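To keep things clear, I will list the structure first and then write my remarks on it.
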Protein chains: 4
Amino acid sequence: MYRLCGRTVGSLQSTDISCNLPRMSAPLQNTLKLRVRYPEVDAMGYLHHSRFLQYFELGRVELLRDMGVSYADLEKQGIYFVVTKAEVRYKLPARYDEELTLLTKVVKQTHVRYDHAYELRKGQLLLAEGATTIACVDRSGQLIQIPDWLLKPAGFTT
Amino acid sequence: MYRLCGRTVGSLQSTDISCNLPRMSAPLQNTLKLRVRYPEVDAMGYLHHSRFLQYFELGRVELLRDMGVSYADLEKQGIYFVVTKAEVRYKLPARYDEELTLLTKVVKQTHVRYDHAYELRKGQLLLAEGATTIACVDRSGQLIQIPDWLLKPAGFTT
Amino acid sequence: MYRLCGRTVGSLQSTDISCNLPRMSAPLQNTLKLRVRYPEVDAMGYLHHSRFLQYFELGRVELLRDMGVSYADLEKQGIYFVVTKAEVRYKLPARYDEELTLLTKVVKQTHVRYDHAYELRKGQLLLAEGATTIACVDRSGQLIQIPDWLLKPAGFTT
Amino acid sequence: MYRLCGRTVGSLQSTDISCNLPRMSAPLQNTLKLRVRYPEVDAMGYLHHSRFLQYFELGRVELLRDMGVSYADLEKQGIYFVVTKAEVRYKLPARYDEELTLLTKVVKQTHVRYDHAYELRKGQLLLAEGATTIACVDRSGQLIQIPDWLLKPAGFTT
């Protein structure tokens, strides 16, 4: 039988020593430059609060690309990730045409789920923090195991 | 071999008398009420110009629904419509929370294409006019004939 | 000096008896019918997870309208609400053209903030739950008190 | 009195020799790399047809930036550009995560308007062509003259 095991990566400690998932040699994180687009901004002139989730998704995709994996290719193989939980704390507004920096980190992973954390900044200024949980599903939306080769990307050592 | 024939409906005259497509007993048109949503509005406080195309699409879907056809169901059957041409002339801005009226008309149809025309109004005030051409394709994007039952909806007589 | 006082409404108990905010005679909630639009759906055919926040915003606006207040008018008076926190738990996907029901409730209010909770359903099926905190700001983004007449809408008794 | 004069730039000939607008020393055009984002794609897996107008807008903004002008700064000075006409001819679909190249050209300018033309390509493959007219307005939406310094950017000679 398949046993899920929680495992925290990056600056956090593993919560399950016995888990045989690979240990990372380097933190799983991506830094992405983003420029706020005109139709992403609302009547206040602020980046609409729903757009932060779209930025976070871009961060996840680029983090995956850093690992040598294209999310578009995953979907062609019938492997999808759906967001099951999302949280954003908005500190300061982002405005049209501002260049922002998004830090995306994997903070936990199991055999079926990833937890990511996000920091969106303008220069050093923290604009927002976020967290999401994504789950691996097949084309029909059924929960499936994350493929082994995806759990052991370049940058991981066992 | 299959011969396409242009056919105008509504207030326009047929351009091809020999075409054996059904004649409409009533004009093919839909009137849709729409309220401008917050994230659809840009930093000027105006409905973003790209959104008009999204409204037009809503008009087409509702016109189809009036004919007893669900576009969602069409897609499940592998019948898709893709936009091959779109044109908008913007006269006056629409603002957040304003209630607008969209008139959508079929102005021409062939065995593979529909041409629609649109008028977006606030009360009597004309905000924008538009026109699109949509083509019928299968799941792979190949041009296919519009199914016969779709060309002869309720409201048509032969 | 201004003292904030937490106050829960609806099914929750007040956390601050001494707070002199009005008591509601009826629960502050709105039920909104929404139909999923084509460009709101992603490549999986699911309502994109960022769109849920846009739906929640529509729910807040309609709840306000039920209270006799137009958010568009508020903005013209220099009164804005910004989202400071948002959370969504996604249970089941929503698909293109499905008709959904969104329940929006005020669960807490202070002199500068509202907390809302949301349930998005397809029929009886719960698709997602959410929670947001919005804060009242002026045109420059400075935190301001929610106007008294807004805190004492129809449906409230003191 | 102010007399408008049509003037075509780039590969087109001037239609009004007497017009005292500056002659360009170099073609006014920008080439922009864009990667299709997940929420920009619809249920067919194609870049939604309304998004092309958003891409074109990005092209205009970057072309302006090439000229040393930030559109965000223009708006702060009370100078806005609104789209008065848009046209797109869609040839081939763009898909999620594909890297596209957008060519944006000024094809005509008067003292109040710019006409742009666009080509969106995947590699050498032409996906879509477009054209827009934008007009210069003030904060209240009234048509104003394009500031002289904006009509004579770097890259122009008189």
- Has the stretch D:137-152 got at least one residue that is in contact with a Pro (Cβ under 8 Å, 6 or more places away or on another chain) and among the charged types (D, E, K, R)? yes
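Condition check ((1) touching a Pro at 6+ places or on another chain (Cβ under 7 Å); (2) modelled with pLDDT under 95; (3) of a type in the set (G, A, S)) across all residues:
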{"site": "D:D42", "(1), (2), (3)": "yes, yes, no"}
{"site": "D:H49", "(1), (2), (3)": "no, no, no"}
{"site": "D:E57", "(1), (2), (3)": "no, no, no"}
{"site": "D:Q109", "(1), (2), (3)": "no, yes, no"}
{"site": "D:E119", "(1), (2), (3)": "no, no, no"}
{"site": "D:A128", "(1), (2), (3)": "no, no, yes"}
{"site": "D:A131", "(1), (2), (3)": "no, no, yes"}
{"site": "D:A135", "(1), (2), (3)": "no, no, yes"}
- Note on the structure: Here the residues within the stretch A:60-84 that are charged (D, E, K, R) and away from chain D (no Cβ under 12 Å) are A:D66
- Task: Taking C:E87 as the residue in question, decide whether it is within 14 Å of chain B (Cβ to nearest Cβ) and among the acidic types (D, E).
- Result: no
- Every listed condition ((1) more than 14 Å from chain D (Cβ to nearest Cβ); (2) more than 30 Å from B:P93 (Cβ to Cβ); (3) touching a Phe, Trp or Tyr at 6+ places or on another chain (Cβ under 9 Å); (4) modelled with pLDDT of 95 or more) holds for A:T31 save (3)
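Results for (1) of a type in the set (A, V, I, L, M); (2) closer than 30 Å to A:H48 by Cα, shown as yes or no for each residue.
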| position | (1), (2) |
| --- | --- |
| B:Y38 | no, yes |
| B:L47 | yes, yes |
| B:R65 | no, no |
| B:G68 | no, no |
- Message: Whether any residue in the stretch A:91-98 is at the interface with chain D (Cβ under 10 Å from one of its Cβ atoms) and in contact with a Gly (Cβ under 7 Å, 6 or more places away or on another chain) is what I want to check.
- Response: yes
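The values are calculated or read from the model by the stated rules, or taken from the named source; none is laboratory data. Everything numeric here is computed off the predicted structure, so don't read it as measured data. All Cβ positions, glycine included, derive from the backbone under ideal geometry; neighbour counts span all protein chains shown.
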